[in-house]
1. Suppose we keep just the DSSP beta bridges with both residues in the stretch 4-225; what percent of those would be antiparallel, to 5?
2. Using a 10 Å cut-off on Cβ atoms, rank the peptides 46-58, 113-125 from the highest mean neighbour count down.
3. Just from its helices, what would the mean residue ellipticity at 222 nm be for the chain, if runs of 4 or more DSSP H residues each count -39500 (n - 2.57) and the sum is divided by every residue, rounded to the nearest 500 deg cm²/dmol?
4. In percent, how large is the relative contact order of the stretch 39-164, given Cα pairs closer than 8 Å and 6 or more residues apart?
5. Quick check: the distance between the Cα centres of the stretch 90-127 and the stretch 150-219, to the nearest angstrom?
6. With label points built 7 Å along Cα→Cβ from the Cα atoms of residue 161 and residue 38, find their separation and express it in nm.
7. GNM, the chain, Cα, under 10 Å: largest mean-square fluctuation among 152, 165, 216?
8. Tilt of helix 136-157 relative to the longest C-alpha principal axis of the chain, in degrees (0 to 90, nearest 10)?
């Protein structure tokens with residue numbers, strides 16, 4: 001079986017988003033990419049298959065153009081979004097798409113999630129951005145591919161680093177999150193939902209959406225991710 005280790009990672013990621021309540025029913029998917037071989041290959045969840053019944057053998061392997069390399073099932077309907085993000089963000093190794101409740105609410109409102117506290121700043125270097133809505137032409141010419149395109153356009157237009165801002169809200173749709181691996185993408189999707197919930201309640205309580213002072217944001221983000229990070233143990237990756 002091709003890419004058996006990555007298949008297991010992607011299987012685990014899909015099971016985790018269901019277990020954590022981030023993807024009710026079959027509303028979500030996770031993928032991973034192998035960039036070490038002769039050509040990059042993506043492993044992704046098959047479309048519409050219940051998480052509880054998934055096996056590693058069910059995972060579908062494609063190339064970066066979405067052509068099936070191995071697998072008997074139809075790949076996730078979001079495949080073209082995943083492959084475009086892998087092409088445009090070469091530092092990422094895993095992607096998770098969910099319809100988690102609070103992050104999806106911000107997406108449906110078309111509002112970015114402001115950085116209102118240090119919990120947010122520990123993971124996202126600033127607000128979680130929201131895309132522009134897809135135009136009628138973008139929907140008609142390739143809805144799934146153009147979902148990826150509006151994500152990339154938001155990042156490039158705001159000069160955002162996908163490594164420092166590991167997630168996005170697609171306007172009127174739902175969140176995507178990513179990381180260096182499928183496991184890290186799940187962590188970021190989980191954190192994204194948590195900070196979306198915190199922000200929702202904070203705004204209801206009267207918090208200003210201008211966010212925490214920039215010097216506090218910078219301190220918290222850099223203490224965990226900067227070149228002189230102090231979080232965690234020196235011999236281990238800082239998470």
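What follows draws every value from the coordinates through simple rules; no lab data is involved. The shown structure was predicted, so the numbers you read here are calculated from the model rather than taken from an experiment. Quick reminder, even Gly has a Cβ in these numbers, built from the backbone with ideal geometry, and neighbours come from all protein chains shown.
1. Of those bridges, close to 95 percent are antiparallel.
2. 113-125, 46-58
3. -13000 deg cm²/dmol
4. Relative contact order of the stretch 39-164: 21 percent.
5. 3 Å
6. In this crude spin-label approximation the distance works out to 3.6 nm.
7. It is 216.
8. 50 degrees
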